[in-house]
Structure formats: structure tokens, C-alpha cells
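The values are calculated or read from the model by the stated rules, or taken from the named source; none is laboratory data. None of the values given here were measured: they were computed from a predicted structure. Because the Cβ atoms are built from the backbone with ideal geometry, glycine has one as well, and the counts that use them run over all protein chains shown. Just so you know, the surface numbers come from the protein's heavy atoms only, side chains and all, with ligands and any DNA or RNA stripped out. Shrake-Rupley method; radii C 1.70, N 1.55, O 1.52, S 1.80 Å.
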Amino acid sequence: MLLKAKESLRKMLSAATGYYGGLVQSYSLSAYGLRHSLGSSIEASRHFIPSKARSLSQFSCGGSSADQEIVIAMGSNVGDRVSTFDRALQMMKSSGVNITRHACLYETAPAYVTDQPRFLNSAIRGTTRLGPYELLKKLKEIEKDIGRTGGIRYGPRPIDLDILLYGDSQIHSETLIVPHERIHERPFVLAPLVDLLGTSRDDGIETSWHSLSKCSGGFFELWNKLGGESTIGTEGIKRVLPVGNRLLDWCERALIMGILNVTPDSFSDGGKFQQVEAAISQAKLLISQGADIIDIGAQSTRPYAKRLSPKEELERLIPILDEITKIPEIEGKLLSVDTFYAEVAAEAVKRGVHMINDVSGGQLDPRILKVAAELGVPYVIMHMRGDPSTMQSEKNLQYGDVCQEIASELYTQLREAELSGIPLWRIVLDPGIGFSKKSGDNFELIAGLKSIRREMSKMSIGASRVPILLGPSRKSFLREICDRANPVDLDAATVAAVTIGILNGANIVRVHNAGYCADAAKVCDALHKRRRWEN
């Protein structure tokens, strides 16, 4: 019995390692309790031996006496799919579902009935006091309110909401089967479901869910049997970021974010682009060099920079932003606003900006989290301790394991954003190169992006899969290495840092010289594709 239990644990860890693309290879069996003695192995193995689930008879049509952890799958292939998901989330919250986690967003090929549009799929994890049948009734009401009618089975639909898991229960009746009976054969269900789990001992309910999968390796093994992470980015299933009027597959290639500072005091180009004409000329140059995104900042966040008020920042930003949105070259490109103020973010999005880049990740103006949620745009969470005036203090520069601590602190910020209503599929993470970091810390981060993802996966696999933005451009740690006083002379060093970052998992790079870095990104992308083809 002990040997079977240990073998079951080994299979589950192997499955998790396979899912995570090798990033948890160093994660030993001790994480599941096989740490010391045979006795501890017995105790650990109990977590993954299928336990007696609660039966159907234990539920009535009324509510539950305690909060139940649930997972609900979401699908849509009719109409404005992203807006439909947003509406469904709000309606679930109003119907007694407390949403605690979101999966990533997937665009998938239709299954069963293939002659129909592509689907968006995701899932949410939450708690509810609704009984399973009461929850089912609420979900059907939401589907109806959004516009779902009869139609053919597996055919087109504006919204599909399915209960995948309800507590540690097994339910089998004419109207409801939990766990959902087709989980094991649907990549578009398993990928979001796995996002909602962690790779370490997390909590008892995840243990129960794995046991309910009726597979020795839990849901990780089921996912791997369908191809796992190697299927992402294929025609069958893509992980996407909804931005503007498009779905961005950020795994397809690295994206270039061009920096446009309209400030007098930024460390590299302060004062150069304060005038409208100069700013427009620079925006056009960045686009011609290959920038996919133009990130406009009207407030310097260099060390010890003086902080502007929202009013002052808007006075700098709006005249330039309004003109940039009119130039023909901006067609098909994305605009980002570099701000930590809710008021500035709201006004910028109102005037055509597609995403918010917050160097404080909601710490300097917590209202921005609710605003970003309401605006429904991607939100970049950057890691920084303190603010620009204190970030380089001795206290804020103290790290043990820099990648581990930054992963933990970023995850805390991500959770605050998610609980404020920003779905995971709209979050981008930035480790904050140069912000409350020593030179050595910056190098560790650029080379250690996989380590950051691995650490985050222990808490949430979905969180470890969001896009990573990296901003090493012309930073002082490069100046120290290259011994060059003029920031413009650091473009070659920036290319080296960007290349290392992309090869280690950066999806977006924020740079001053878009041309050099766009070429570097193309080389990295070609190498990624070749490696994938060879595998």
C-alpha cells in the first residue's frame, strides 16, 4: 500500500513537472510530504488517495450551511466574447458567487461541431453558499439573460457556464454531474482548470479535487495526456490577452514597447519630447523601428524624482496624447499610459489608451485597481518597494533570494488586483528592473525569469503564466558595467539585456531604441520556434 501511495505521488509530481515545461524539475517529492520518514510518507499519501466524496443525497435544493469552494468553466463563441465574459463575471458575483481566482484566457478551436467560430474559454474559482442545484439554476439564468437559447448541442452560443467542481463532492443526477463528466477529454476545460491550481501543497480542497479526477497524477496528468503545455500556441488552443479590439497571442513573438517620456526630468531623455511636435516625431520613429506599443509617461519615476499631482500629470499628458491618437501611423498599434494615478489612467483610457502601466502595482494610489477593473483594460503590475523617493533606501534594497522574494511580493500585488476585479487574463507582471534593486539584483532577475515563474507556480499556475514585461533599457546597472556616462550609449548593452530576458521568458520589452531591440527580439523568436519545432 505504501509503495502504491508513493508511486501515486511520484506520478502526480511528474505530471506537474511535465505541465510546467520543465520549470519545476527541481521541485522534489518532499514538497508533497515525502521529506523524512516512512511514517511521513504514509501521512502525505493520504492526500492523494481518493477519499469518500459527499454524495448527492447530502444536498438539497437550498443553500449550503458553509462556503463551498467551486470551479466554473466559461465559454463563448458568439458576439463580443470578451464583453460577454465581463458581464458573466459581474452577474455571477451578484448571484452569490465570490470569485477568488481567474484562469488565463484561451482562444480555442471548436470541438465536436467544428463548423462554427472559435471559442474563448476560461474558468473561475470561488466560494458560494448556494447549494449545487441552486448554483446551477443561477448559472442557467445568467446564460438566458445574456442571450443563450436552445440551439444544437455543442453548437454556437453566446455563453456557456458549467460547474466543474463543487467542494469535495461527487454528484450524479439527470440534471447535474460533478465533477463535470467530460473534463478528461477537453483541453479547453483542463487548461483553465489547471491554471486555478498550485504545484505545492496548497490546501485541502486541491487535494480533494485531484483525487476526484480519478487519475493517480490528478488533473496535471490528465492535462499532460492531452498534450499539456506543448499544445499552447497551436491552432487548437492559444493563450491570449484581450487588448483594444484584438486578442494578443503574446507567446507567438516578443512585443516591443517603445518609451515616450514627455517629462523634463526622466533619466535618459528628459526634456526632449515635452513639445507636441517632438513627441509626435518620436512616436512615429518608434513605430517605424518596429514598436508594437507606445508607452507614454508624463511623470518621471527615476530615483528621488519629485512627484507631480494628477492634475499636473494630465496637463503634460493630454495635449500630446490627443495628437498621437490622430496620426495615421498609430493605426494597428497599442497605446499604454505610464501612471500610478487612478484619475490619470481613467482619463487616458477615455482618450484612446489601451492599457495601464503602473510602476507601483496599485501601492501609490490603491484606487487604480478598481478603476482598471472598471475600464476593462490590461494592467501592468510592476514590483517596487516604497516609491521613487525611497525605493533605493538601504531597507528597500535588502533581499535574501531576490527572485523568490520578488515572486512572492508580485504575487501579493497580483492577488490584490484580482480581488479588486481585474481578471488574471488582463494582468501583466514586471519585476521592476532598476526599482529598489541593486545592480546584481537586476542581473539575477533578467536571468532568473523562469525562477520567478516557478516560484509563483507554487501558489498559482495561472499567475505564473501571465505575460512578463521587462524594462532594462539604458538603466544605471548597464552603465556601471559598460562604463558609459551617456544613457544613449547604452543601447547595445540594452540589446544584450533584452536578448537574455526574452530567451528566459520575457514577453514584452520596454525600450528607448525600438529598432535595435526589435531585431534582437526577432532573433530570439526564431530560436524559440526552432527549439519548439525540434521538440
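Between rounded, prolate and oblate, where does region 91-200 land on the alpha carbon gyration tensor, with a ≥ b ≥ c its root eigenvalues, rounded for a/c under 1.5, else prolate if a/b exceeds b/c? It comes out rounded by the Cα gyration axes. Ranked by the mean number of other Cβ atoms within 10 Å of their residues, highest first, the peptides 220-226, 391-397 come out as 220-226, 391-397. Run the reach check for Lys529 against aspartates and glutamates, Cα to Cα strictly under 12 Å, same-chain hits fewer than 8 apart removed. What comes back? Result set, ordered by chain and number: Glu252.
Across the protein chains, with a 1.4 Å probe defining accessible surface, the residues Lys138, Lys311, Lys450 rank Lys311, Lys450, Lys138 from largest area downward. When only Cα pairs below 8 angstrom with a gap of at least 6 residues are kept, the chain shows a relative contact order of 14 percent. For region 444-535, just say rounded, prolate or oblate: build the C-alpha gyration tensor, square-root its eigenvalues into a ≥ b ≥ c, call rounded for a/c under 1.5, and beyond that prolate if a/b exceeds b/c, oblate if not. Because a/c hits 1.5 or more and a/b fails to exceed b/c, region 444-535 counts as oblate. Straight Cα distances below 17 angstrom link Lys395 to the aspartates and glutamates Asp387, Glu405, Glu409, Asp441, with same-chain residues fewer than 8 positions distant left out. Can you send over the carbon and sulfur percentage of the accessible area for region 266-350, probe radius 1.4 Å, protein chains only? Heavy-atom surface of region 266-350 belonging to carbon and sulfur, 1.4 Å probe: 51 percent. Each part gets one Cα centre, and for region 268-338 versus region 136-187 those centres are 46 Å apart. Each residue of region 341-355 was assigned a 3J(HN,Hα) from its phi angle through the Karplus curve 6.51 cos²θ - 1.76 cosθ + 1.60 (θ = phi - 60°); the sequence is 9, 4, 4, 5, 4, 4, 5, 5, 5, 4, 9, x, 6, 9, 8 Hz, with glycine and proline shown as x.
Ranking of Thr263, Thr100 by solvent-accessible surface, largest first: Thr100, Thr263 (1.4 Å probe, protein heavy atoms only, all chains present). Taking each residue as 0.36 nm, the span from Tyr304 to Leu527 lengthens on full extension beyond its C-alpha to C-alpha distance by 76.3 nm. Here semi-axes √(5λ) of the Cα gyration tensor in Å was calculated from the structure, and among (i) 33, 27, 25; (ii) 41, 27, 21; (iii) 40, 31, 20 it sits at label (ii). Specify whether the C-alpha gyration tensor of region 229-334 places it in the rounded, prolate or oblate class, a ≥ b ≥ c being the square roots of the eigenvalues: rounded for a/c under 1.5, otherwise prolate if a/b is larger than b/c and oblate if not. In terms of gyration-tensor shape, prolate. The string of couplings for region 233-250 from the Karplus curve (6.51, -1.76, 1.60, θ = phi - 60°) is x, 8, 5, x, 7, 10, 8, 10, 10, x, 8, x, 10, 9, 10, 8, 8, 6 Hz, one whole number per residue in order, with x for Gly and Pro. Bridgeable aspartates and glutamates around Lys326 (alpha carbons under 18 Å apart, same-chain partners fewer than 8 residues away excluded): Glu277, Asp292, Asp295, Glu347. Given +1 at the Cβ of Lys and Arg, -1 at the Cβ of Asp and Glu and no other charges, the dipole of the chain around its Cα centre is 1220 debye to the nearest 20.
In region 111-203, with Lys and Arg counted as +1 and Asp and Glu as -1 at Cβ, which of these residues, Thr128, Thr149, Pro187, has the Cα nearest the positive end of the dipole, that is, farthest along it? It is Thr149, whose Cα lies furthest towards the positive end.
The accessible area of Asp162, taken with all protein chains in place and a 1.4 Å probe, comes to roughly 40 Å².
Which of the peptides 278-285, 165-172 is most tightly packed, and how do the rest follow, judged by the mean count of other Cβ atoms within 10 Å per residue?
Ranked from most to least packed, the peptides come out as 165-172, 278-285.
Pairs Lys306/Lys437; Lys138/Lys458; Lys284/Lys450; Lys311/Lys370: which are spaced more than 30 Å apart, C-alpha to C-alpha? Pairs exceeding the cut-off: Lys138/Lys458; Lys284/Lys450.
Put Ser360, Ser408 in order of accessible area, highest first, and with a 1.4 Å probe you get Ser408, Ser360. Full extension of the chain between Asp519 and Ala496 gives 7.1 nm of extra length, using 0.36 nm per residue less the Cα-Cα distance. When nucleic acids and ligands are ignored and a 1.4 Å probe is applied, Arg129 ends up with an accessible area of around 140 Å². Think of it as helices only: each DSSP H run of n ≥ 4 in the chain is worth -39500 (n - 2.57), and spread over all residues that comes to -12000 deg cm²/dmol at 222 nm. Only protein heavy atoms count here; under a 1.4 Å probe, His184 has an accessible surface of about 100 Å².
Put a dot 7 Å past the Cα of Glu480, heading toward its Cβ, do the same for Val276, and the two dots end up 4.2 nm apart.
Along region 499-508 the Karplus relation, 6.51 cos²θ - 1.76 cosθ + 1.60 evaluated at θ = phi - 60°, assigns HN-Hα couplings of 4, 4, x, 5, 5, 9, x, 5, 9, 9 Hz to successive residues, with x for each Gly and Pro.
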